[in-house]
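The values are calculated or read from the model by the stated rules, or taken from the named source; none is laboratory data. Since the structure is predicted, the reported quantities are computational estimates derived from the model, not experimental observations. Note that we place each Cβ from the backbone using ideal geometry, even for glycine, and neighbour counts take in every protein chain shown.
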Amino acid sequence: MDRRNFIFMLGIGFVRLLSGPGLLLSSEREGGGQAATIRVFSVEQGGYVMVEKVIKTDREWKELLTKDQYYILRKQGTERAFTGKYWDNRERGIYRCAGCANDLFTSETKFKSGTGWPSFYEPIAPENIGLQEDNSFFMRRTEVHCARCDGHLGHVFDDGPPPTGLRYCINGNALDFVKT
């Protein structure tokens, strides 16, 4: 782990310490004791609220989501660059999880990364996402998932703009957009 990733993970640990149970890591979301409620930031409520964690069967997810959404959110898939929804969206609003409507990112933190996927330099609130180490495809990355429904969103990289230096590279089909 390089220095930037170490500092980033240290920061996530500090945020978790201050914020309580909202940010779930892989060890907490796999197996045993799932929390019945989590703390997330809600734009509509104007602050932090306790909400039910969304847990569905595979069959229920298939009925709820489109084929592309299911592939990305539930099977950790990735859409092809420059093909998903919102990669070039310039409207003001809130990006929500397509699986559970959890507020994830705002248009104010979206930037043009040139990658072909919606990119953000920070989430709407750290509690609304979860992070997990991903060593698939012979790479070491950090997966980003929705803290409310555990849906796969994309990955976070340390090559983003100030003020965070992070690039949350998110699949557009994992998102819904609400204009503000």
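A few points about this structure:
- Cβ-Cβ under 8 Å pairs, at least 6 apart or on other chains, region 62-91 side free of Cβ contacts under 8 Å to residues at least 12 places away in the same chain and within 14 Å of SER119 (Cα to Cα), far side assigned to a helix (DSSP H, G or I) and among the β-branched types (Val, Ile, Thr): none
- Residues of region 111-129 that turn out to be under 24 Å from LYS56 (Cβ atoms), outside any loop (DSSP other than H, G, I, E, B), modelled with pLDDT of 95 or more and not aliphatic (A, V, I, L, M), as a count: 1
- Residue that is in contact with a Lys or Arg (Cβ under 8 Å, 6 or more places away or on another chain), surrounded by 24 or more Cβ atoms within 10 Å (Cβ to Cβ) and at pLDDT 95 or above, where the choices are LEU104, LEU153: LEU104
- Residues of region 81-101 that turn out to be under 12 Å from VAL178 (Cα atoms), buried (at least 19 other Cβ atoms within 10 Å of the Cβ) and not aliphatic (A, V, I, L, M), as a count: 4
- Selected residue [part of a loop (DSSP other than H, G, I, E, B), on the phi > 0 side of the Ramachandran plot and either in contact with a strand residue (DSSP E or B) (Cβ under 6 Å, 6 or more places away or on another chain) or not charged (D, E, K, R) (or both)] from ALA101, ALA81: ALA101
- Failed item in (1) touching a Ser or Thr at 6+ places or on another chain (Cβ under 9 Å); (2) surrounded by fewer than 18 Cβ atoms within 10 Å (Cβ to Cβ); (3) closer than 20 Å to VAL178 by Cα, with LYS110 passing the rest: (2)
- Qualifying residue in region 140-147 (condition: of a type in the set (Ser, Thr, Tyr), closer than 17 Å to THR164 by Cβ, crowded, with 24+ Cβ neighbours inside 10 Å and in contact with a strand residue (DSSP E or B) (Cβ under 9 Å, 6 or more places away or on another chain)): no
- Subset of region 123-167 that is within 14 Å of ASP103 (Cβ to Cβ) and not aliphatic (A, V, I, L, M) - its residue that is nearest to the chain's Cα centre (by Cα): CYS146
- THR57 being surrounded by fewer than 12 Cβ atoms within 10 Å (Cβ to Cβ) and of a type in the set (S, T, N, Q): yes
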